[in-house]
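What follows is calculated from the coordinates using simple rules that are stated; it is not laboratory data. Since this is a predicted model, take the numbers as computed values, not measurements. Positions of Cβ are generated from backbone atoms using ideal geometry, with glycine treated the same way; all protein chains shown enter the neighbour counts.
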């Protein structure tokens, strides 16, 4: 097992991304504020290329959106080397930060033309215009400006928001991924783009309280207006692949999408010359607040927190006794006892639980005896050897791919977990079972293999119980 550095935790709150942590709190931005349709140019140059058909597929994963967009493009004019600008909006510098944190970019960006991969270069945009609200800024950012190619310096602009606690001047960086697509006269070409974009958040903490914003994904259709004519035909699909589809909402555009099922939305259109009103803004996870239940010895021992989300209220806790079918032997200061899944931040060395049998640990289990039986909304899992600032231990060791879960020795179901380095615990929903739960058994059914070790690890297990009414909370002063 590789050595694990001490990580910062407040209770069981995981600070994610480019966070700025202060002695008594702070604010931070994560994810990608916006992406969208490609532009023909950034300075209103003429083009003879039109979009005959566009299909856009957005898959909402727990922490990011996976996007595939396909264009059928036709050149109505002479032979041309056509510029193709794909927009990416990123967070700028946080003025409260002591150091410059690297802002998130989209991941795994790939563009192909007629099935052949095409290169792209990053192009920085002009200084952003000031705006009083996030929504106004997102629309103002659609304005075209002269692109500064080859610039290694990306200028920051201004966006002002007023959080409930921290007053901040926020900025976004406008940029593009530029490719050049050759077109013969009257040629039709198929252009496909794939990428992953982490949800944008603007979060806050005060002492042990945390205030997590909406996790949003934005995709602007309006830049397609720079191509010749309207988009001939188009189809947009949104699929929810995370455990809380009921928490997803489409803020923009209003009344365009049809809800096909609880996890699937569609919008079909023809001859669309898109405007700002057609730009997409999706809330993948709604905002919530999290407060410690108290500071007594009992409260601290069970590391319990109230979670308030719209009109839903939860109790997150580790108020259980855990036993394991096997445990990996200690190595120096590192022990891999099952008590580690409680995520106690006061431990000298932060280590996970690791099973202790030969091979991958298939069939090994953890049993939780819950001290205060309550109905379960879900089980929060941090699979693998989690370390906030280092993915290497997670990669080197096995992660659980599928659990068999039994509640109260009578209700059994299986749950698959994506192989992702989750920065927040993964939620396993408990459905079709409303009894108070006093016993939980988690059996490892399959794993994702580590690159070096075959020990299967779990770093955190929390229980989430639904509350029938809003709890009394006392926010930090």
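Descriptive notes on the structure:
- In terms of packing, defined here as the mean over residues of other Cβ atoms within 10 angstrom, the peptides 440-446, 381-387, 59-65 line up highest first as 381-387, 59-65, 440-446.
- Each of 303, 424 was scored by other Cβ atoms within 10 Å of its Cβ. Listed from fewest to most, they are 424, 303.
- A straight chain from residue 76 to residue 431 at 0.36 nm per residue would run longer than the Cα-Cα distance by 122.3 nm.
- In terms of the mean number of neighbouring beta-carbon atoms within 10 Å, the peptides 47-56, 263-272 order highest first as 47-56, 263-272.
- Here the simple spin-label model places points 7 Å from the Cα toward Cβ, and for residue 264 and residue 469 these points are separated by 4.2 nm.
- With only the Cα atoms considered, region 277-431 has a convex hull volume of 174 Å³ per residue.
- Inter-label distance, residue 114 to residue 53: 1.7 nm, where each label sits 7 Å from its Cα along the C-beta direction.
- Normalised by 2.2 N^0.38 Å, where N is the number of residues, the alpha-carbon radius of gyration of region 237-326 equals 1.67.
- Rg(Cα) / (2.2 N^0.38 Å) computed for region 350-397, rounded to two decimals: 1.46
- Peptides ranked, highest mean first, by Cβ atoms within 10 Å: ranges 31-41, 203-213: 31-41, 203-213
- Percent of Cα pairs in region 166-302 per distance bin of 5 Å, from zero to the largest separation: 2, 7, 12, 16, 16, 13, 11, 8, 5, 4, 2, 2, 1, 0, 0, 0.
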